[in-house]
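Here's the structure we're looking at; comments come further down.
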Amino acid sequence: MNILYKSAFELARLIKAGELSSVRVVHFYLERIARFNSELNSVVALDEQAALVRAEEADKAAAAGEDWGPLHGVPLTIKDALATKGLVTVGGIPARAGQIPEMDAVAVSRYRAAGAIILGKTNVPFMSADLQSYNEVYGSTNNPWNFERTSGGSSGGAAASLAAGLTPLEVGSDIGGSIRIPAHFNGVFGHKPSYGIVSQQGHIPPGQSILSESDLSVVGPLGICADDVAQALDLLLGPNPIEARAWRVDLPPARFNHISELRVAVWADDAFCPVDHYIREAITEAGQSLA
């Protein structure tokens, strides 16, 4: 059975049905990382043994009819700006090199609660504050389509890992494009949610022990398909545990059900900052396709 670029949620369904083993899926991604990551440098920390132990538990649970959730037994990586219990989390900050959090970021805990297995961490720029993904601890992450190009930032390691087939699902963070730009540069899917509907607690910076949340940043999913991003957002939604007594997310229904109901503006060029012709042409063609 082909695993490469298969939906994370479909992998979970197959694992729960006994049609695919979690152990096999973990080995598949570990082998992909071993084969491609040396040149790509998108995965910067691994927890191989813990992942394999958890995968064995996931398979035993599935055989016993237990359902851990929508990501049962699925290994995935996490942007290195989000704290992961027991796994080094640097955030691109040299002073944090080698530091291991004692608790998960809220977003990470929600993936785990859905049955996911945390396989490793993916690279970011210093403090997740750049449009590329370089830091003094781990170096640069390259674009899997062309190693001479950037993967983007700050969720560059996450998007590059998805595009290279090193992980089936990710979670990133975004202020001015840190999910959207890497998703675009690497040809994968990402979503910047509305502010406040996914908890940032455990994001570094400011730090895993800080209770307050940024007025600018958001946390959101990245995936290999739009359906995965939508389902992952459903898992991530909601306040952090401290605030959960006071409010909940109650999103309104979609304002449209078909693309024909949309009005789309196309802004392909600007005299203030001219766009390369091949980019301009691609944007125009996309607009024509929508029309």
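Please verify whether region 210-217 includes one or more residues that are touching a helix residue (DSSP H, G or I) at 6+ places or on another chain (Cβ under 6 Å), assigned by TED's automatic domain parsing to the domain that holds Leu131, touching a residue at least 40 places away in the same chain (Cβ under 8 Å) and not β-branched (Val, Ile, Thr). Even if it seems obvious, please write down each step before you answer.
The initial filter retains those residues of region 210-217 that are touching a helix residue (DSSP H, G or I) at 6+ places or on another chain (Cβ under 6 Å), namely none.
No.
Can you confirm whether Gly223 is touching a residue at least 60 places away in the same chain (Cβ under 8 Å) and in the same structural domain as Asn142 (by TED's automatic domain parsing)?
Spelling it out, Gly223 is indeed touching a residue at least 60 places away in the same chain (Cβ under 8 Å) and in the same structural domain as Asn142 (by TED's automatic domain parsing).
Pick out, from region 1-86, the helices (runs of 4 or more DSSP H) lying fully within it that include 1 or more residues that are hydroxyl-bearing (Ser, Thr, Tyr).
So the answer is 22-40.
Being of a type in the set (Lys, Arg), at pLDDT 95 or above and buried (at least 21 other Cβ atoms within 10 Å of the Cβ) narrows it down to one residue among Arg110, Arg24; which is it?
Arg110
Regarding region 172-184, can at least one residue be identified that is within 27 Å of Gly139 (Cα to Cα), in contact (Cβ under 8 Å) with a residue 60 or more places away in the chain and crowded, with 24+ Cβ neighbours inside 10 Å? Show your work before the answer.
Just the residues of region 172-184 that are within 27 Å of Gly139 (Cα to Cα), to begin with: 172-184.
Among the residues that remain, those that are also in contact (Cβ under 8 Å) with a residue 60 or more places away in the chain are: 172-173.
Now drop any that are not crowded, with 24+ Cβ neighbours inside 10 Å, which leaves 172-173.
Among the residues of region 172-184, at least one is within 27 Å of Gly139 (Cα to Cα), in contact (Cβ under 8 Å) with a residue 60 or more places away in the chain and crowded, with 24+ Cβ neighbours inside 10 Å, which makes the answer yes.
Pick from region 137-171 the residues that are outside any strand (DSSP E or B) and of a type in the set (Val, Ile, Thr): which of them is surrounded by the fewest Cβ atoms within 10 Å (Cβ to Cβ)?
Result: Val137.
Looking only at region 154-197, count every residue that is touching a Leu at 6+ places or on another chain (Cβ under 7 Å), under 22 Å from Val90 (Cβ atoms) and of a type in the set (A, V, I, L, M, F, W, C) and tell me the total.
So the answer is 10.
For every residue, the table says whether it meets (1) within 14 Å of the chain's Cα centre (by Cα); (2) polar (S, T, N, Q); (3) closer than 19 Å to His191 by Cα.
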residue	(1), (2), (3)
Gly92	no, no, no
Ile118	yes, no, no
Asn135	no, yes, no
Gly139	no, no, no
Leu162	yes, no, yes
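Would you mind stating whether Ala58 is surrounded by fewer than 20 Cβ atoms within 10 Å (Cβ to Cβ) and not β-branched (Val, Ile, Thr)?
Details: surrounded by fewer than 20 Cβ atoms within 10 Å (Cβ to Cβ): no; not β-branched (Val, Ile, Thr): yes.
So Ala58 fails the test.
So which residues in region 253-291 are of a type in the set (A, V, I, L, M, F, W, C), surrounded by 10 or more Cβ atoms within 10 Å (Cβ to Cβ) and over 24 Å from Ala230 (Cβ atoms)?
Residues satisfying the conditions are Val266, Ala268, Val275, Ile279, Ala282, Ile283.
Where residues in region 58-94 are in contact with a strand residue (DSSP E or B) (Cβ under 8 Å, 6 or more places away or on another chain) and among the charged types (D, E, K, R), which of them is farthest from Pro168 (Cα to Cα)?
Asp80
Would you say Val264 is in a loop (DSSP other than H, G, I, E, B) and hydrophobic (A, V, I, L, M, F, W, C)?
In short, yes.
Answer yes if at least one residue in region 91-106 is assigned by TED's automatic domain parsing to the domain that holds Ile242, more than 19 Å from His203 (Cα to Cα), touching an Asp or Glu at 6+ places or on another chain (Cβ under 9 Å) and assigned to a helix (DSSP H, G or I), and no otherwise.
no
Which one of these is under 15 Å from Pro239 (Cβ atoms), at pLDDT 95 or above, touching a His at 6+ places or on another chain (Cβ under 9 Å) and of a type outside the set (Asp, Glu): Val219, Val198?
The match here is Val219.
The values are calculated or read from the model by the stated rules, or taken from the named source; none is laboratory data. For clarity, every value in this text was computed on a predicted model and none was experimentally measured. Backbone-built Cβ (ideal geometry, glycine too); neighbour counts: all protein chains shown.
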